[in-house]
1. At q = 0.11 Å⁻¹, work out log10 I(q)/I(0) for the stretch 388-511 with the Debye formula, treating every Cα as an identical point scatterer and leaving solvent out; two decimals please.
2. Provide the percentage of antiparallel DSSP beta bridges, counting only those with both residues in the chain; round to the nearest 5.
3. Take peptides 160-168, 251-259 and line them up by average Cβ neighbours within 10 Å, highest first, as a rough protection proxy.
4. As a test of the definition: which semi-axes, in Å, follow for the stretch 370-457 when you take the square root of five times each eigenvalue of its alpha carbon gyration tensor? Largest first, please.
5. Two decimals is fine: what is log10 I(q)/I(0) at q = 0.16 Å⁻¹ for the stretch 25-176, from a Debye sum with one equal scatterer on every Cα and no solvent?
6. Using a ≥ b ≥ c from the Cα gyration tensor of the stretch 181-311 (square roots of the eigenvalues), is it rounded, prolate or oblate, where a/c under 1.5 gives rounded and otherwise the larger of a/b and b/c decides, a/b for prolate?
7. I'd like to compare 43-53, 142-152, 430-440: which one has the highest average count of other Cβ atoms within 10 Å, and what's the full order after that?
8. With a 10 Å radius around each residue's Cβ, average the other Cβ atoms per peptide and rank 179-192, 353-366, 231-244, 87-100, highest first.
Ligand code: NAD
């Protein structure tokens, strides 16, 4: 039975069937509600978690701060060595942890394991950074003066994360926050608490082995109440929030009110433009992964397909064939490409979105069904879907977090770019073309207005080396690579006078 499958994974990660405590602040505890964690394949309970409370969050803030005081005194390369040990511990646990991601979130096993791999990768990146958190020397206009920049930790970084990347989002944030000398306090999605507890246990063990206070990586599971309390609390020097635009707007406002820093990674409404000069086979393969992968539950999922009118029919024919090959089912079964939606509520959103397509004059070209046959009967399964719409329809303007790809046509490149940019969100955009002038226009000032701008690859699959994030209602945050680490630091501009005189800037003579 499935219980054996759950038991093995839980045991390997130090989890239990019933008494999983959802708070870690140096010790495991939890005084909140008992909540079940469901397997979206069959809506069985995998295990139960006792959630944290607002009171426990309050205590955890102090514990993280105490731990951070010790951590920030460690030379940065030594912090790097601890991150390297965390990396090794994750590598050891990559199979059970990847499997737990599949069980609890619902993504296929290679993607579940891929998420842990992403955490491994970013820890390696952070190890490299531990030798490279350099500040600048700036020429001073005054004789006998030197100007320089220092990058010191902020203190505590609060991470509030979404259900769809239950490991990787925390991974990006914790690795970079830690190397910069911060402590981390995590509030995961209330529907993926088991993964959060498992990850925290792995980090706890590594910190203990290094005689460091394990509260450095603290966890408080819970719902909106815990999230809101964390957002309001001045002890969260930065809040890194990943989730919907609706919640992110509220979080950003509250953090701004207290002049905290926020990093907002919100909803996307990503498009691929298919030109008439591209390799259509390449495009079709990319679109399939981009729109159907993770059952449409990536922030970078392609939701809009903007196709040159001359190649529309040919491309759609290929896509329908490709969609026909996609096996929907248990994400742990080999050969399955599309798992279930994470919740029953998402199945309703799928149905409502299809109803809107029809009401607004669009058509369903392929799919469009909730799947209930055989083994799928008790799960949250839907058929990956292709629609035919026009860009002005309301349904195309919103992010529905399900595998529905809206297709539309264009005549000129300017029109295609205008359609791409004509939504409130600005996460990821791709174009398929072999024309160099199209490429340079696309990445230039009158091109795509999103944070991630791709050519001949899908909208998703960002590598950790670049800065990840989006513009407009996607929130403007950047995480992971490039100079994202600076957001987890307090920048000091220092001027040192070694001249013995006191010349003022701008040549001001004061008395
Ligand atoms: P969500 O907004 O419902 O929840 C995100 C988190 O916020 C959860 O931990 C939740 O408990 C918490 N929360 C809810 N109300 C809160 C409040 N008032 N104050 C503070 N915290 C609160 O999002 P979700 O359904 O878990 O995730 C899907 C969404 O996340 C999609 O919109 C997707 O595009 C987005 N996402 C964006 C990125 C990105 O990098 N841009 C990555 C992954 C997911």
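1. Calculated log10 I(q)/I(0) at the listed q: -0.54.
2. Details: 29 of 71 bridges.
So the antiparallel bridges in the chain amount to around 40 percent.
3. Top to bottom by mean Cβ count within 10 Å: 160-168, 251-259.
4. On the way: eigenvalues 197, 41, 31 Å².
That gives 31, 14, 12 Å for the three semi-axes.
5. The calculated log intensity ratios at q = 0.16 Å⁻¹ are -1.09.
6. Values: a/c = 3.00, a/b = 1.89, b/c = 1.59.
It is prolate, given that a/c is not under 1.5 and a/b is the larger ratio.
7. Values: 43-53: 20.7, 142-152: 14.5, 430-440: 18.0.
Ranking the peptides 43-53, 142-152, 430-440 by packing returns 43-53, 430-440, 142-152.
8. Working: 179-192: 25.6, 353-366: 16.2, 231-244: 21.9, 87-100: 19.0.
By packing density, highest mean first, the sequence is 179-192, 231-244, 87-100, 353-366.
Coordinate-derived values only; no laboratory data. From a predicted model like this one, the values you see are computed outputs, not experimental measurements. Cβ: placed from backbone, ideal geometry, glycine included. Neighbour counts: every protein chain shown.
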